[in-house]
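Encoded as structure tokens, the structure appears first; notes follow it.
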Amino acid sequence: MQTLPTLQTLDKIYAAPSQPALKPDPFLTIENVSKTYTTSRGSYTALEDINLTIREGEFVCLVGHSGCGKSTLLNMVAGFLKPTTGEVRLQSKRITEPGPDRMMVFQNYALLPWKTAFENVYLAVKSAYPDKSKAVKIAITQEHLEMVGLTEAANKRPHQLSGGMKQRVSIARALAIRPQVLILDEPFGALDAITRQELQEELLKIWQTHRTTVLMITHDIDEALFLADRIVMMTNGPAARIGEVLDVSFSRSNVCEADAALCRADLIADPRYCELRNYALDFLYRRFAHDVD
Ligand code: ADP
Ligand code: MG
């Protein structure tokens, strides 16, 4: 007969270590960050007192009115801008410059117009993995073009691709480097509604497979509710702050494995979706409405 553990043995199994372990630094930390721009008309404080920690593998969306400082914040995570005060850390290391561990996708795709889809991705792979053989670099490029459904269009140049296809190339290029953080600044803002939904579903699938940490700006509350684990809502500038952080508690990550489109229908039907949506819209359009002259 199997013997059950006694209380003493259980105590030993679950005993707290005598020296409590130091709490590890969260994956991505934004600590006491402010950003003041110097302009010809004096200084302008865009962001003030920003504190946010992000877990590894988390999908965080940033929403707020135009001009409140969302891009400024993401540019500091990317390392393109330096905070005026405070710091941003990735795995305890202070971010001071751009690096392949943080890849950014922009609304306007930022592709090299004279290069094909394949070459745009390949160039990034080449600079990130200089020591890998050409065959491996080609394989990585092909794998990521396939991931976004662009195998057939690999030899087309940006002007021969639709907006959605161009954004797929940008996403493939960013992911091919295997960044620790994928940063997206209104990536689907220029796309029509149907392409936008398709790309949201693709991004969700990719995130579910790779669990890259994602930080994404969007103007679209429904997009944020569909994709994010948490939605960070910013107040208006100048000196914008984080107003509230919404936990998307009915996280779609469990439901969406099979079919992202079905998952969207399920989500919209969920009363909690409606509640969070109303809450976020109230924040943006009543509590922090833009002043209308
Ligand atoms: P968002 O992405 O939320 O629309 P931004 O981060 O682009 O906002 O800008 C926040 C504020 O900072 C805006 O008022 C903008 O005009 C100002 N700003 C952004 N970049 C600069 C800059 N390089 N110099 C001066 N002001 C800037
Ligand atoms: Mg912006």
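The values are calculated or read from the model by the stated rules, or taken from the named source; none is laboratory data. This is a predicted model, so every value here is computed, not measured. Heads up, the Cβs are rebuilt from the backbone with ideal geometry, glycines too, and the neighbour counts pull from every protein chain shown. SASA here: full protein model, heavy atoms, side chains in, ligands and nucleic acids out. Shrake-Rupley method; radii C 1.70, N 1.55, O 1.52, S 1.80 Å.
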Report task. May I ask you to list pairs of residues, at least six apart or on different chains, whose Cβ atoms are under 7 Å apart, with the first in the range 231-242 being in contact (Cβ under 8 Å) with a residue 40 or more places away in the chain and the second being within 7 Å of ligand 1 (Cβ to nearest atom) and open to solvent by 30 Å² or more (accessible area, probe 1.4 Å)? Result -> 237/67; 238/44
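When the residues of the range 198-220 are filtered to those that are open to solvent by 10 Å² or more (accessible area, probe 1.4 Å) and part of a helix (DSSP H, G or I), which remaining residue is nearest to residue 268 (Cα to Cα)?
Let us first name the residues in the range 198-220 that are open to solvent by 10 Å² or more (accessible area, probe 1.4 Å), namely 198, 201-202, 205-206, 208-212, 219-220.
Checking the rest, the ones that are also part of a helix (DSSP H, G or I) come to 198, 201-202, 205-206, 208-210.
Working: 198: 16, 201: 15, 202: 18, 205: 18, 206: 21, 208: 20, 209: 23, 210: 25 Å.
In this case the residue turns out to be 201.
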**Report entry** the range 70-90: number of residues that are open to solvent by 30 Å² or more (accessible area, probe 1.4 Å) and either modelled with pLDDT under 95 or within 11 Å of ligand 1 (Cβ to nearest atom) (or both)
**Finding:** 4
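Every residue, every condition in (1) out of contact with any helix residue (DSSP H, G or I) (no Cβ under 6 Å at 6 or more places or on another chain); (2) within 16 Å of ligand 2 (Cβ to nearest atom); (3) assigned to a strand (DSSP E or B), yes or no:
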position	(1), (2), (3)
44	yes, yes, yes
49	yes, no, yes
62	no, yes, yes
65	yes, yes, no
71	yes, yes, no
74	yes, yes, no
80	yes, yes, no
88	no, no, yes
Requested in this report: Report, ordered by the first and then the second residue, all pairs with beta carbons closer than 6 Å, sequence separation of six or more or different chains, a first member in the range 130-148 that is touching a residue at least 40 places away in the same chain (Cβ under 8 Å), and a second member that is surrounded by 14 or more Cβ atoms within 10 Å (Cβ to Cβ).
Outcome: 148/168; 148/171; 148/172
Query raised in the report: What about residue 99, is it at pLDDT below 95, surrounded by fewer than 20 Cβ atoms within 10 Å (Cβ to Cβ), more than 16 Å from ligand 2 (Cβ to nearest atom) and over 30 Å from residue 287 (Cα atoms)?
Result: yes
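Going by what's in this entry, would residue 224 be described as in a helix (DSSP H, G or I) and in contact with a strand residue (DSSP E or B) (Cβ under 7 Å, 6 or more places away or on another chain)?
Numbers: in a helix (DSSP H, G or I): yes; in contact with a strand residue (DSSP E or B) (Cβ under 7 Å, 6 or more places away or on another chain): yes.
Criteria met by residue 224.
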